[in-house]
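Please read the structure below before turning to the comments.
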Amino acid sequence: MDVIHLSAECYPVAKVGGLGDVVGALPKYLRSAGINASVVLPYYDRKFVQENEFYEIYSSVATAGGKTFEYKVLKEKTGKLGFDLYLIYIHGLLDRKEIYSYPDEIKQFISYQVSFLDWINQSEKKPDIIHCHDHHTGLVPFLMSHSGLYRDLAMIPTVCTIHNGQYQGWLGWDKVAYLPPVDLDKAGLLDWNNCINSLAASVKCCWSFTTVSPTYLEELSINSNGLEKLFEMEKGKGTGIINGIDTGVWNPENDPMVFQNYTAETVDEGKKENKKRLCEQFGLDETKPLVAFIGRLVGEKGAELLPELIDSCLKSYAGKMSFIILGSGEAEVETELQKTALKHKKHCGLYIGYDEELSHRIYAGADFLIMPSRVEPCGLNQLYAVRYGTMPVVHKTGGLSDTVIDLSDPGGYGITFDKLETGEMVKAIGRALETYAGSNQMASFRKKMMALDFSWDRSAKEYINLYKRLIKLHAI
Ligand code: ADP
Ligand code: GLC
């Protein structure tokens with residue numbers, strides 16, 4: 001079975017968040033389960049691309065926005081990622097450093113989708129499944145069915161995975177000319193609230209859609225930035241499949257990024273050394289329990305709640321703990337966090353920016369990871385945390401509800417809170433401190449967390465079952 005994944009991100013080529021992790025890992029696991037999975041990304045002028053060899057396998061011209069452009073398809077030479085990686089290169093458009101936030105982002109991703117379709121349409125061997133991730137690839141299912149240019153692709157089953165329903169790829173109808181010629185009587189499939197909405201079009205036109213956790217599938221009908229009715233109507237073709245983690249990349253036993261490797265047997269000594277080095281770097285007291293936050297500094301992650309939380313905890317618990325924050329995002333949140341870190345110099349370490357190595361060191365060195373997310377479709381941070389024996393303290397929402405069991409429940413290993421209020425969170429941190437104080441307890445929870453299996457093996461099987469079901473439908 002040949003499955004092509006389309007995405008804006010794929011670790012280690014291009015990653016901003018969890019989408020990159022998923023698309024860098026799932027195809028690898030699909031491969032080991034016998035599925036010929038590959039990834040087609042836009043070309044980025046980034047480290048991985050600069051340092052690895054690619055060769056051209058195809059080039060042609062396509063049209064988007066009334067403009068004809070040349071595109072090239074490049075293939076990574078060695079297959080070292082565990083799957084075939086293809087990049088679509090367009091001079092001046094798909095040859096940039098950053099992944100998002102260009103003023104002509106719409107053109108960037110439409111050209112990527114159109115070039116991909118043009119290439120596959122002309123290639124002799126068609127894939128069995130096209131798997132699209134998030135809104136950047138959301139026009140593909142519509143164009144496959146409703147553009148005369150791609151009639152040969154109309155019967156290939158499509159899967160669309162929603163990692164984040166907040167961002168939808170909106171486009172005014174005045175920009176319809178950016179698209180290739182489409183069946184105008186089907187234009188309604190592109191529309192949501194008088195706008196072209198790439199995510200909505202994808203949900204309407206794909207054969208099946210998935211969300212990255214079962215709870216998030218339910219939540220989308222209640223809160224999805226305007227698409228609630230659509231998700232309610234289309235629920236029948238949706239499945240919630242929880243993300244896994246790449247246990248090859250995220251493994252405290254041999255992770256080259258951490259200060260000292262450790263196993264479940266040596267977790268206490270291992271974490272102690274990692275914490276010591278991390279605390280040295282940030283000027284924190286290594287003898288105090290360390291609570292970390294890693295993530296995008298945006299409302300979805302509840303990042304703006306951190307300054308008040310840190311103030312309140314340090315007051316309520318008389319400074320008997322430290323915080324460490326790694327993230328970047330909204331300027332206001334960054335500024336507030338900088339003020340907090342200055343105010344509590346001895347208790348709060350802060351790094352504003354993106355640093356993959358530091359993130360691994362924090363998972364390894366911290367005692368707790370706080371996730372005050374408002375919306376969390378799955379969340380990978382809590383899964384990495386448990387893999388490194390770090391206890392997650394999470395708001396009970398989305399994928400966090402599906403993956404973290406509270407200490408007070410059978411099989412529990414984390415701390416959950418129901419309401420996103422400072423008081424509730426301070427209490428949750430209080431429970432964390434109590435658990436830490438009973439040091440034997442902490443040691444056994446660490447071992448328990450490290451024995452949990454969140455690898456992709458199980459979830460990859462669920463995707464394979466879905467692909468098989470769709471291929472059967474195709475054959476009817
Ligand atoms: P999201 O995709 O919504 O950002 P996830 O929990 O799915 O959230 O995944 C976030 C991923 O990005 C994790 O791999 C996390 O370690 C990483 N990450 C987030 N912010 C940073 C940062 N500032 N530096 C390094 N890694 C980060
Ligand atoms: C999104 C979500 C996050 C999820 C990730 C990977 O960015 O915000 O919860 O884990 O995608 O699916």
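The values are calculated or read from the model by the stated rules, or taken from the named source; none is laboratory data. Quick caveat: nothing in here was measured; it's all calculated off a predicted structure. Note: ideal-geometry Cβ built from the backbone for every residue, glycine included; neighbour counts use all protein chains shown. All accessible areas refer to the heavy atoms of the entire protein, side chains included, with ligands and DNA or RNA removed. Shrake-Rupley method; radii C 1.70, N 1.55, O 1.52, S 1.80 Å.
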Checklist entry - In degrees from 0 to 90, rounded to the nearest 10, what is the angle of the helix 356-365 Cα long axis to the longest principal axis of the chain? => result 40 degrees
Checklist entry - Over the Cα atoms of region 113-176, Rg to Rh with Kirkwood Rh, two decimal places? => result 0.98
Checklist entry - Using heavy-atom solvent-accessible surface (probe 1.4 Å) with all chains present, what is the largest-first order of 31, 387, 151? => result 151, 31, 387
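Provide Rg over Rh for region 267-453; use the alpha carbon set for both Rg and the Kirkwood Rh (inverse mean inverse pair distance). Write out the running numbers ahead of the final one.
Values: Rg = 14.8 Å, Rh = 16.1 Å.
Ratio of gyration radius to Kirkwood radius for region 267-453: 0.92.
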Next on the checklist: With angles folded into 0 to 90 degrees, how steeply does helix 331-343 sit against the dominant principal axis of the chain? Use alpha carbons for both and round to 10.
Outcome noted: 10 degrees
Item to check | Overall Cα dimensions of region 237-336, principal axis frame, Å, largest first | outcome: 51, 37, 23
Checklist entry - Listed highest first by mean packing, meaning other Cβ atoms within 10 Å per residue, what order do 209-220, 360-371 come in? => result 360-371, 209-220
Checklist entry - Rounded to the nearest whole Å², what accessible area per residue is found for the chain with the 1.4 Å probe? => result 40 Å²
Checklist outcome for this item: Rounded to the nearest 10 Å², the accessible area of residue 174 using a 1.4 Å probe with every protein chain kept is 120 Å²
Checklist entry - Label 7 Å along Cα→Cβ of residue 152; region 121-143 residues with amide nitrogen under 15 Å? => result 121-128
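At a 1.4 Å probe radius, which order do 415, 476, 106 fall into by accessible area, largest first?
Working: 415 0, 476 165, 106 65 Å².
Final ranking, largest accessible area leading: 476, 106, 415.
Over 32 Å apart: what share of the alpha carbon pairs of the chain falls there, rounded to a whole percent? Intermediate values should be presented prior to the final figure.
Details: 46452 of 113050 pairs.
Of the Cα pairs, 41 percent sit more than 32 Å apart.
Which percent of the accessible heavy-atom area of the chain goes to carbon and sulfur, probe 1.4 angstrom?
Numbers: 9710 of 19030 Å².
Of the solvent-accessible surface of the chain, carbon and sulfur hold 51 percent.
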Item to check | Largest to smallest accessible area among 345, 419 [probe 1.4 Å] | outcome: 345, 419
Checklist entry - Tell me, how many Å apart are the Cα centres for region 340-357 and for region 237-261? => result 24 Å
Item to check | region 378-440-region 1-68 distance, computed between alpha-carbon centres (Å) | outcome: 34 Å
Checklist entry - Leaving out same-chain residues fewer than 8 places away, which aspartates and glutamates sit with a Cα under 14 Å from that of residue 468? => result 2, 128
Next on the checklist: I'd like the accessible area for residue 418: 1.4 Å probe, protein heavy atoms, all chains in place, Å² to the nearest 10.
Outcome noted: 110 Å²
Next on the checklist: Heavy atoms of the protein only, probe of 1.4 Å, neighbouring chains included. What is the accessible area of residue 287 in Å², nearest 10?
Outcome noted: 100 Å²
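Beyond a 27 Å Cα-Cα separation, which of these cross-linked pairs lie in this structure: 75/107; 97/275; 288/343; 72/472; 80/396; 47/339?
Working: 75/107 23 Å; 97/275 34 Å; 288/343 18 Å; 72/472 33 Å; 80/396 38 Å; 47/339 33 Å.
97/275; 72/472; 80/396; 47/339, as the Cα separations exceed 27 Å there.
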